[in-house]
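Contents: one structure, followed by commentary.
Every number here is computed from the coordinates shown, using simple stated rules; none is lab data. Nothing here was measured: the structure is a model prediction, and the numbers come from that model. Note that each Cβ is placed from the backbone with ideal geometry, even for glycine, and that neighbours are counted across all protein chains shown.
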Amino acid sequence: MNQSPDSEFEDKDRVETLRLVTSTGQDVEGNIYEIVGGKEFFRKLCLAFYEGVKDDEILRPMYPEEDLGPATERLQLFLEQYWGGPKTYQEQRGHPQLRMRHAPFKINPAARAAWLKHMRKALEDQKLPPLYENQMWAYLDRAATAMLNTFED
């Protein structure tokens, strides 16, 4: 069978959206946090995400709290800060250190896929203009990949 070298890679057709910033670190198109709706947007996004997580057999065990409220708030604060909002996450919890904070949990490709499934639905539910949805999705996809710490089932 004669296949091109690209055909073996499942992501061969994926287009990566870039976040363009100035030399001072400001988004070229403006403050994304404000453009998408600020705190209210991120609150709705995170609530929708954890609505999917609450019954997910892979992800739910990673959240030790009885109530997902604290996890929802942590994710909201982190995403707000990342996208140009208040620095509340860092003021309360210090540097994000995402890989270190996720190290105690088994994050394999199945966990990554489950996380992305719920985040994709949550993001689509927010009805952002495609430019901003694609920009956010590209970051979330990269972040989920960066959290992988095992390939064992």
What nm distance separates the two modelled labels at GLN97 and GLU40, each placed 7 Å from Cα along Cα→Cβ? 3.6 nm
Need the list of lysines near LYS127 for cross-linking: C-alpha distance under 25 angstrom, and skip anything on the same chain fewer than eight residues off. LYS39, LYS44, LYS54, LYS117
Per-peptide average of other Cβ atoms within 10 Å, ordering 129-136, 63-70, 49-56 highest first: 49-56, 129-136, 63-70
Applying a 10 Å radius around every beta-carbon, put 35-44, 91-100 in order of their mean neighbour count, most first. 35-44, 91-100
Net charge within 10 Å of ASP125 by Cβ-Cβ distance, Lys/Arg positive one each and Asp/Glu negative one each, not counting ASP125 itself? +2
